[in-house]
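J.: Structure provided below as structure tokens; questions to follow.
The values are calculated or read from the model by the stated rules, or taken from the named source; none is laboratory data. In this text the structure is predicted, and so the values were computed from the model without any measurement. In this analysis, Cβ positions are derived from the backbone assuming ideal geometry, glycine residues included, and neighbour counts consider all displayed protein chains. These area figures cover heavy atoms from the full protein model, side chains too; ligands, DNA and RNA do not enter into them. Shrake-Rupley method; radii C 1.70, N 1.55, O 1.52, S 1.80 Å.
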Amino acid sequence: MNQKTDTKRMDARTHNDETLDRVPVTALKGVGPRLAEKLARLNIATVQDALFHLPLRYEDRTRVVPIGALQPGRRAVIEGGIDHAEIKFGRRRMLLVHLSDGTGALILRFFHFNAAQQAALARGMRIRCFGEVRSGPAQLEMVHPEYRRVDADTSDPDAASLTPIYPSTEGVHQLGLRNLTDQALAWLEASPDSLPDWLGDSATAPAALPGLRAAIRLVHRPPPEVDLAALELGEHPAQRRLVLEELIAHHLSLRVLRWRAQSLQAPVLRGDGRLRQALRGQLGFPLTAAQERVVAEIEADLARAHPMLRLVQGDVGSGKTVVAALAALAAVESGLQVALMAPTELLAEQHLRNFSAWLSPLGLEPAWLSGRLKGAARRDMLARIRDGEARVVVGTHALFQEEVAFERLGLVIIDEQHRFGVHQRLALRDKGGQEAQLPHQLTLTATPIPRTLAMAVYADLDTSVIDELPPGRKPISTVVIPDSRRPEVVERVRRACAEGRQAYWVCTLIEESESLQCQAAEEAAAELREALPELRVGLVHGRLKAAGKADIMQRFKAGALDLLVATTVIEVGVDVPNASLMIIENAERLGLAQLHQLRGRVGRGAAESHCVLLYHTPLSRQGRERLGVMRATSDGFEIARKDLELRGPGEVLGTRQTGMMNLRIADLVRDEALLPEVERLAERLNRDHPELVPRLIRRWLAENVRYGSV
Ligand code: ADP
Ligand code: MG
């Protein structure tokens, strides 16, 4: 077996006609099948993959730092003479070595050491150490540094470049990865054509960025004189060159989905407008200008014979539901079915109620499908969906399941889309029922993000923005209060409810099990019932049966409950206009977008609304800043932008864009200014060299090929 891999191994200098995306990593010395298997876990299968396995950060081992200039928390190389070494017997036996260099002194602390080490670390020796500097009880320390003896007159650096630290996995060490990239870089040096630069000069010249090969070399082996500050911020021109290419690859991977949709067929949903007219007539309010604009955009898409892939972004309360209902009716008027899907049972039920209220008078009863529908009722529902009797089907991701087949699905509407993955969307798309035709797809999201960022993250979708709230909405005033003042807050609930208003009390526990969350809500409800005996207190959480939850929500909506204690299950979509006070416990633990969603449950009626954010002391600086943002603004776009800055896009946008968020070197927030350029270059590459598009995508998104986008 070893024999075989040996003969497969190629020498860099004799195989310079291969491009590195076609050369298996086993062609490098020392990479046998066992290591190759481990490298596969890092998505390294080819020599090109090794070159695009980029360092996470760097350590500067090129400079010896005077001990007097050390900062705790930094890793550094120091050199000095040993003044004194001693064995201490505390709770653990340890070796303490006192080192000084004329600028300061420092202690090396070893918990594990043998006699030879002890002898080598004796008074009078000169050593060079590398490790993390910490502040110890008396003075600065390094615990278990790497060290070696030096002679008094050597001052040669340990490395000619900063030491890269790579993302790693069990059984693959930094030295191994460095060795791998050393070989790959040598290969590149010997045959530059093995790594083609597909962006060319016109991409990089205007911004004075280096070419691809120079950029790759620099990020793997930055020379000692490199601008370290720029490198650490990810703003070095070499990094920007790679960022640009990575973002182009991601953009293209999403665009490919979109372009493909243009070549696919979908039913033309023009309809006669009769049902839509009837709905508008009975709404009791005119649409806002923004809603009208978005409805027109959707209707134009639906009238085309290619599948719509449109995302509607609109702040909490901007009125997305009625826009979705109008789209649904366009499909029904054209004789096709509609599936409306929401991420939680509670939200799906609420859509069902809204749609029932709007559509029943038009003679259309929406159907319901959730995972909890069982037995005969389920079989019956599946049959009604299959034979087309159910025109509008509302549900949860149960709608994705294989056994659900539609007679003729014309439109899929997905609410709060950031919770669904790209794959799930594709799965629903395949439920068209008619082989040659795909349903149109409309997604709604209440996490508005800046336009340039949306272009990057949603490049597979057309986007519409409802950038206006219905008239008459009163701003919600928000206060931030420590939970030590909880009794005052309870009084406030009492007063609000005495005036006929309703209130939410939201219990949050993140990173805990759902059952703990439910328990916390149960305890809060019990306490509040005791403190507020005159109020009718309801409780909803994830462990309640769907019917029970719906019943409580219904009673709250009807005014039969004054106070609703809830977990974050009420986060999205719940609409009770008379509720004008919301208390959120442990608000500091939630993301801003989530707080904004929660807070959006109040301020839906005519009354002045209030939100109380309770936090547990002490509050971190970041926590203070985040809650401050909530107090200062209720603009969803601004909140989303802050949240992106503070937590990063992966957290804010959730799992949907795992592809987009698995970035190696780019950072959507830091690199936002590049995005227009990314779009321009991506379109150009696709126009001039469509054959390179799949190769560029594979270079950067090897692990995402399963998306079916490559
Ligand atoms: P969201 O965009 O958060 O999903 P909803 O669709 O739930 O918002 O709408 C919030 C509330 O505003 C609902 O009660 C809805 O009926 C109402 N609404 C929607 N559009 C308008 C409008 N143009 N004028 C007045 N009220 C509206
Ligand atoms: Mg909604």
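J.: Please indicate, with yes or no, whether at least one residue in the stretch 147-161 is under 45 Å from the mean Cα position of the chain (by Cα) and under 26 Å from LEU39 (Cα atoms).
T.: Scanning the stretch 147-161 turns up at least one residue that is under 45 Å from the mean Cα position of the chain (by Cα) and under 26 Å from LEU39 (Cα atoms).
J.: List pairs: first in the stretch 272-288 and farther than 15 Å from ALA328 by Cβ and of a type outside the set (Asp, Glu), second within 14 Å of ligand 1 (Cβ to nearest atom) and modelled with pLDDT under 95, Cβ under 6 Å, 6+ apart or cross-chain?
T.: THR288/GLU468; THR288/PRO470
J.: Now a separate question. Within the stretch 523-535, is even one residue away from ligand 1 (no atom under 16 Å from the Cβ), under 34 Å from the mean Cα position of the chain (by Cα) and not small (Gly, Ala, Ser)?
T.: yes
J.: Okay, next question. Within the stretch 272-281, can one find any residue that is open to solvent by 40 Å² or more (accessible area, probe 1.4 Å) and within 12 Å of ligand 1 (Cβ to nearest atom)?
T.: Yes, because at least one residue in the stretch 272-281 is open to solvent by 40 Å² or more (accessible area, probe 1.4 Å) and within 12 Å of ligand 1 (Cβ to nearest atom).
J.: Would the stretch 32-51 turn up any residue that is of a type outside the set (Ser, Thr, Tyr), part of a loop (DSSP other than H, G, I, E, B), modelled with pLDDT under 90 and out of contact with any Asp or Glu (no Cβ under 9 Å at 6 or more places or on another chain)?
T.: No, there is no match, as no residue in the stretch 32-51 is of a type outside the set (Ser, Thr, Tyr), part of a loop (DSSP other than H, G, I, E, B), modelled with pLDDT under 90 and out of contact with any Asp or Glu (no Cβ under 9 Å at 6 or more places or on another chain).
J.: Then there is this: Those residues that are over 24 Å from the mean Cα position of the chain (by Cα), at pLDDT 85 or above and open to solvent by less than 10 Å² (accessible area, probe 1.4 Å), I need them from the stretch 248-266; list them, please.
T.: Once the filter is applied, which keeps residues that are over 24 Å from the mean Cα position of the chain (by Cα), at pLDDT 85 or above and open to solvent by less than 10 Å² (accessible area, probe 1.4 Å), the stretch 248-266 yields only ALA266.
J.: Let me ask you something else. Name the residues in the stretch 76-109 that are in contact with a helix residue (DSSP H, G or I) (Cβ under 7 Å, 6 or more places away or on another chain) and closer than 16 Å to ARG148 by Cβ, would you?
T.: Result: ILE78, GLY80, ASP101.
J.: Sticking with this one: Working only within the stretch 77-115, note down all residues that are surrounded by 12 or more Cβ atoms within 10 Å (Cβ to Cβ) and among the β-branched types (Val, Ile, Thr).
T.: VAL77, ILE78, ILE82, VAL97, THR103, ILE107
J.: Moving on. Please list, ordered by residue number, the helices (runs of 4 or more DSSP H) wholly in the stretch 309-419 having 2 or more residues that are farther than 22 Å from ILE298 by Cα and in contact (Cβ under 8 Å) with a residue 40 or more places away in the chain.
T.: Filter on the stretch 309-419 gives 345-359.
J.: Before we move on, is ASP430 in contact with a helix residue (DSSP H, G or I) (Cβ under 7 Å, 6 or more places away or on another chain) and at pLDDT below 95?
T.: So ASP430 fails the test.
J.: Of the residues in the stretch 178-208, how many are open to solvent by 20 Å² or more (accessible area, probe 1.4 Å), in contact (Cβ under 8 Å) with a residue 12 or more places away in the chain and either over 24 Å from PRO164 (Cβ atoms) or not in a helix (DSSP H, G or I) (or both)?
T.: So the count comes out to 6.
J.: Let me ask something else. With assigned to a loop (DSSP other than H, G, I, E, B), open to solvent by less than 30 Å² (accessible area, probe 1.4 Å) and touching a residue at least 24 places away in the same chain (Cβ under 8 Å) as the only criterion, which of VAL226, VAL243, VAL219 stands out?
T.: VAL226
J.: Could you grab the pairs with beta carbons closer than 8 Å, sequence gap of 6+ or different chains, first residue in the stretch 625-646 and closer than 23 Å to ARG473 by Cα, second one at pLDDT 85 or above and among the polar types (S, T, N, Q)?
T.: Sorted first by the residue in the stretch 625-646, then by its partner, the pairs are MET630/THR478; ARG631/THR478; SER634/THR478; ILE639/THR633.
J.: Also: Which pairs do you get when a residue that is open to solvent by 30 Å² or more (accessible area, probe 1.4 Å), found in the stretch 533-554, comes within reach of a residue that is polar (S, T, N, Q), reach meaning Cβ atoms under 8 angstrom, with the pair 6+ apart or on two chains?
T.: ARG543/SER515
Condition check ((1) outside any loop (DSSP other than H, G, I, E, B); (2) in contact with a Gly (Cβ under 6 Å, 6 or more places away or on another chain); (3) away from ligand 1 (no atom under 16 Å from the Cβ); (4) on the phi > 0 side of the Ramachandran plot) across all residues:
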residue: LEU539; (1), (2), (3), (4): yes, no, yes, no
residue: ARG543; (1), (2), (3), (4): no, no, yes, no
residue: ALA550; (1), (2), (3), (4): yes, no, yes, no
residue: GLN554; (1), (2), (3), (4): yes, no, no, no
residue: ALA560; (1), (2), (3), (4): no, no, yes, no
residue: LEU564; (1), (2), (3), (4): yes, yes, yes, no
residue: PRO577; (1), (2), (3), (4): no, yes, no, no
residue: MET582; (1), (2), (3), (4): yes, no, no, no
residue: ALA593; (1), (2), (3), (4): yes, no, no, no
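J.: I would also like to ask the following. Being touching a strand residue (DSSP E or B) at 6+ places or on another chain (Cβ under 6 Å), among the charged types (D, E, K, R) and under 21 Å from SER609 (Cβ atoms) is the filter here; which residues of the stretch 492-551 pass it?
T.: Within the stretch 492-551, ARG501 is the sole residue that qualifies.
J.: Sticking with this structure for a sec: Do we have ALA367 as more than 13 Å from ligand 2 (Cβ to nearest atom) and touching a strand residue (DSSP E or B) at 6+ places or on another chain (Cβ under 7 Å) here?
T.: On the way: more than 13 Å from ligand 2 (Cβ to nearest atom): yes; touching a strand residue (DSSP E or B) at 6+ places or on another chain (Cβ under 7 Å): yes.
The answer is yes for ALA367.
J.: Something else about it: I want to confirm something. Restricting to the stretch 395-418 and keeping residues that are within 16 Å of ligand 1 (Cβ to nearest atom) and under 14 Å from LEU442 (Cβ atoms), which single residue is modelled with the lowest pLDDT? Steps first, answer last, please.
T.: The initial filter retains those residues of the stretch 395-418 that are within 16 Å of ligand 1 (Cβ to nearest atom), namely 413-418.
Those still in the list that are under 14 Å from LEU442 (Cβ atoms) too: 413-417.
Details: ILE413: 95, ILE414: 91, ASP415: 87, GLU416: 72, GLN417: 56.
Across the stretch 395-418, the extreme among qualifying residues is GLN417.
J.: Residues ARG378, ARG391: which one is farther than 28 Å from ARG274 by Cβ and open to solvent by less than 70 Å² (accessible area, probe 1.4 Å)?
T.: Going through ARG378, ARG391 in turn, the sole match is ARG378.
J.: So, one more: Please state which one of GLY623, GLY628, GLY648 is at pLDDT below 90, closer than 30 Å to ARG495 by Cβ and open to solvent by less than 60 Å² (accessible area, probe 1.4 Å).
T.: GLY623
J.: So, LEU162, is that one open to solvent by less than 70 Å² (accessible area, probe 1.4 Å), modelled with pLDDT under 90 and in contact with a helix residue (DSSP H, G or I) (Cβ under 9 Å, 6 or more places away or on another chain) or not? Break it down stepwise before answering.
T.: Details: open to solvent by less than 70 Å² (accessible area, probe 1.4 Å): yes; modelled with pLDDT under 90: yes; in contact with a helix residue (DSSP H, G or I) (Cβ under 9 Å, 6 or more places away or on another chain): yes.
Here the answer is yes, as LEU162 does meet what is asked.
J.: For the stretch 478-485, state whether one or more residues are under 26 Å from VAL629 (Cβ atoms), buried (at least 17 other Cβ atoms within 10 Å of the Cβ) and not aliphatic (A, V, I, L, M).
T.: Yes, because at least one residue in the stretch 478-485 is under 26 Å from VAL629 (Cβ atoms), buried (at least 17 other Cβ atoms within 10 Å of the Cβ) and not aliphatic (A, V, I, L, M).
J.: Could you check how many residues of the stretch 445-482 are more than 16 Å from ligand 1 (Cβ to nearest atom), under 30 Å from GLY623 (Cβ atoms) and either out of contact with any strand residue (DSSP E or B) (no Cβ under 8 Å at 6 or more places or on another chain) or modelled with pLDDT under 80 (or both)?
T.: 7
J.: From the list ALA324, ALA330, ALA348, which one is aliphatic (A, V, I, L, M) and either more than 12 Å from ligand 2 (Cβ to nearest atom) or farther than 28 Å from SER609 by Cα (or both)?
T.: Within the list ALA324, ALA330, ALA348, the selection yields ALA330.
J.: Going through the stretch 293-305 one residue at a time, which ones are touching a residue at least 60 places away in the same chain (Cβ under 8 Å) and either among the charged types (D, E, K, R) or within 12 Å of ligand 1 (Cβ to nearest atom) (or both)?
T.: Step one: list which residues in the stretch 293-305 are touching a residue at least 60 places away in the same chain (Cβ under 8 Å), which gives 293-294, 297-298, 301-302.
Across the stretch 293-305, the qualifying residues are ARG293, VAL294, GLU297, ASP301.
J.: I'm checking my understanding of the structure. Among residues of the stretch 306-334 that are open to solvent by 10 Å² or more (accessible area, probe 1.4 Å) and modelled with pLDDT of 95 or more, which one is nearest to ligand 1 (Cβ to nearest atom)?
T.: Among them, the one singled out is VAL332.
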